[in-house]
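Encoded as structure tokens, the structure appears first; notes follow it.
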Amino acid sequence: MAMMTDKTALVIGGAKGIGLAIARRLAEEGAHVFLTGRSADEVDAAAAAIGGAATGIVADASVAADLARAVRAVTDRHERIDALVLNAGISEAATVEEEDATFFDRHFAINVRGALFGLQAALGAMRAGSAVVLVGSIADQIGTPGRGAYSATKAALRSYARTWTSELAPRGIRVNVVSPGPTDTAMMAAASQELRDAIMARIPLGRMARPEEVAAATAFLLSDAASYIAGAELCVDGGLAQV
């Protein structure tokens, strides 16, 4: 039997890249998947690509009212949310001297506030046995010049996952983090070959992750196969931050 048969999943930030790969994998594992994104065209295309097991919702993860509306769209059709993926995020470059308040606020609004209020909105529909996965990054462990705000948001998610585990475990809700390393998404495909080669030279397995590999790890953490895993960070990075 598929890992997510008859379960309902909500993927915040599921219209493209890793989020879309996660939404597709959960649907393949038997879940009905609701996915969100800010662009109606991207949301519609993502849902169509997955097929009848997916429903798209246009929502801005930085707006709490949008997140609450997305949850209502799920509960209007299903009684509960069994699997919640908090994936919405941005990553822009700025050094410590270049960061301004707008840059800082934009990163924390989408990457951190979106996760917090996304979880808050969904909790009323989550029951014992449900699970949450935050999509972090190995950036929470390393210092990459020009990515301070992004890395700080991912470190914040890792910290929240520990606290949320302590708070929600008595209710039977598990919280974990999946942290990709460099992943071969459209954003990375736009990088120069020189940069791609330099990145891959640092990875023990010698290549970037495929989005489907991050999705497989996420599906595992959300499934009953991971029923005794809570508060953990699963790094899908080819060993980059591990050795």
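The values are calculated or read from the model by the stated rules, or taken from the named source; none is laboratory data. This structure is a prediction, so every number in the text was calculated from the model and none was measured. Glycine also receives a Cβ, built like all others from the backbone with ideal geometry; neighbour counts cover every protein chain displayed. Just the protein is used for accessible areas: all its heavy atoms, side chains included, with ligands, DNA and RNA removed. Shrake-Rupley method; radii C 1.70, N 1.55, O 1.52, S 1.80 Å.
Under a 1.4 Å probe, what is the accessible area of the range 12-163 per residue, stated in Å²?
Numbers: 6420 Å² over 152 residues.
Using a 1.4 Å probe on heavy atoms only, each residue of the range 12-163 averages 42 Å².
For ARG77 and ALA94 in the same chain, what is the full-extension length gain: residue separation times 0.36 nm, less their Cα-Cα distance, in nm?
Values: separation 17, 0.36 × 17 = 6.12 nm, distance 4.23 nm.
The span from ARG77 to ALA94 would gain 1.9 nm if fully extended.
Once label points are set 7 Å from the Cα along Cα→Cβ at both ASP41 and VAL63, what is their separation, rounded to one decimal in nm?
Between ASP41 and VAL63, the label points sit 1.9 nm apart.
Carbon and sulfur atoms: what percent of the 1.4 Å accessible area of the chain do they account for?
The value for the chain is 54 percent carbon and sulfur by accessible area.
How many percent of the alpha carbon pairs in the range 73-147 exceed a separation of 18 Å? Mind showing how you got there, number by number?
Working: 1436 of 2775 pairs.
When all Cα pairs of the range 73-147 are counted, 52 percent exceed 18 Å.
Arranged from highest to lowest average of other beta-carbon atoms within 10 Å per residue, in what order do the peptides 62-71, 137-146, 210-219, 193-202 appear? Before the final figure, lay out each step's value.
Details: 62-71: 19.4, 137-146: 16.5, 210-219: 21.3, 193-202: 11.6.
Result, highest mean Cβ count within 10 Å first: 210-219, 62-71, 137-146, 193-202.
Of LYS16, LYS7, which has the most accessible area and how do the rest follow, probe 1.4 Å?
Working: LYS16 130, LYS7 35 Å².
My answer, sorted largest first, is LYS16, LYS7.
With a 10 Å radius around each residue's Cβ, average the other Cβ atoms per peptide and rank 115-125, 153-163, highest first. Mind showing how you got there, number by number?
On the way: 115-125: 20.3, 153-163: 18.7.
Highest to lowest by the protection proxy: 115-125, 153-163.
Fully extended, how many nm does the chain gain between ILE229 and ARG196 (0.36 nm per residue separation, minus their Cα-Cα distance)?
8.5 nm
Take peptides 20-30, 93-103 and line them up by average Cβ neighbours within 10 Å, highest first, as a rough protection proxy. Intermediate results must be reported in sequence, preceding the final value.
Numbers: 20-30: 24.7, 93-103: 10.7.
Going by the mean number of other Cβ atoms within 10 Å, highest first, we get 20-30, 93-103.
For the range 229-243, what does the Karplus curve 6.51 cos²θ - 1.76 cosθ + 1.60, with θ = phi - 60°, yield as ³J(HN,Hα) per residue in whole Hz, taken in order and with x for Gly and Pro?
The phi angles translate into 10, 8, x, 9, 10, 9, 8, 10, 9, x, x, 4, 9, 10, 10 Hz.
May I ask you to rank SER39, SER166 by accessible area, largest first, using a 1.4 Å probe over the protein chains only?
Details: SER39 40, SER166 90 Å².
Descending accessible area places them as SER166, SER39.
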